[in-house]
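Since the structure comes first, as structure tokens, the remarks are kept for the end.
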Amino acid sequence: MKGAAETDAQALFRYVLRLGDLSLVLGQRLGEWVGHSPALEEDLGLANIALDLIGQARLLLSYAGEIEGRGRDEDQLAYLREQGAYFNAILAEQPNGDFGQTLVRQVLIDAFQLELYERMTDSMDARLAAIAAKSVKEVRYHLRYSSGWLVRLGDGTPESHQRVQTSLELLWPYTVELFAEDDVDRAMVDRGIAPRLSEVRAAWVERIEAILAEATLKRPADRPHAWHGKRGQHSEHLGYILAEMQYLQRAYPGARW
């Protein structure tokens with residue numbers, strides 16, 4: 001029984017890390033837009049979404065540290081892991097590109113988080129249910145913002161339409177990983193902690209297709225990709241993100257403001 005309990009705890013730890021890393025890495029990516037957005041309002045909008053995502057990451061990584069039981073807090077998990085110990089989906093670490101590409105990536109992840117967190121509010125894990133209930137309110141706003149911009153760009157000028165369609169073709173293959181179920185996902189479903197990813201995907205596809213139709217964009221065909229961030233196998237982009245994100249903590253260990 002002890003071995004089974006440890007296995008359950010390890011699976012939950014890995015699952016919570018995945019959720020936290022997804023928000024952490026995406027929040028870091030959006031933070032790169034601060035001071036560089038096309039307008040002040042968008043600068044503030046993206047910064048606020050980034051802050052929401054970092055807030056979600058803090059809650060999730062703090063919980064992950066408690067599950068692990070090795071004394072690591074949210075800061076240590078965020079700043080003192082090596083690249084292979086991060087488990088975010090590869091989509092979150094893809095470069096910002098232009099403003100339209102950032103919004104395409106954001107819509108794809110916002111819709112995923114919304115469908116996931118809406119269902120996770122009924123989780124048998126009370127802590128995750130509470131985090132999901134808080135996060136889902138934020139994610140609804142995130143998707144309203146990102147999808148609103150995607151519609152404006154997709155249904156805008158020929159150039160803006162072509163740019164976001166090209167970005168959609170580029171990023172779509174990475175969405176396959178969001179719904180690729182493995183042993184950790186199945187363990188969470190069996191314990192009533194997380195929804196089945198096939199159910200999340202069906203709702204995600206319906207929502208995304210409605211947004212794309214309004215934006216006059218074509219949904220790309222599904223095709224697999226070689227990266228598996230949920231298993232700690234990442235693109236080169238994550239290394240650059242971590243080099244910037246972790247610099248201060250590694251240069252001045254334990255530093256406090």
What's the local net charge at Arg250, with K and R +1, D and E -1, over the other residues with C-beta under 13 Å away? -2
So if R0 is 22 Å, what FRET efficiency would Glu159 and Ala213 give, r being the distance between their Cβ atoms, rounded to the nearest 0.05? 0.60
Packing-based exposure ordering (other Cβ within 10 Å, fewest first) of Met245, Met188, Met120: Met245, Met120, Met188
Positive minus negative residues near Gly35 (Lys, Arg vs Asp, Glu; Cβ under 12 Å): -3
The residues Ser146, Ser123, Ser23, sorted from fewest to most surrounding Cβ atoms within 10 Å, come out as Ser123, Ser146, Ser23
Relative to the chain, whose Cα atoms define the longest principal axis, helix 197-214 and its Cα axis are tilted in degrees, nearest 10, by 20
Selected from Gly148, Gly35, Gly71 as most flexible by GNM, with the chain as the system and alpha-carbon contacts under 10 Å: Gly71
Measuring from the longest principal axis of the C-alpha atoms of the chain, the long axis of helix 236-245 (C-alpha) lies at a number of degrees, nearest 10, equal to 70
To the nearest 500 deg cm²/dmol, what mean residue ellipticity at 222 nm is calculated for the chain from DSSP H runs of n ≥ 4 alone, each contributing -39,500 (n - 2.57), summed and divided by the residues? -22500 deg cm²/dmol
What angle, in degrees between 0 and 90 and rounded to the nearest 10, separates the Cα long axis of helix 158-171 from the longest principal axis of the Cα atoms of the chain? 30
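Values in this text are rule-based calculations from the coordinates and carry no lab data. What you are looking at is a predicted structure, and each value in this text was computed from that prediction instead of being measured. With ideal geometry, Cβ positions are generated from the backbone for all residues, glycine too; neighbour counts draw on all protein chains shown.
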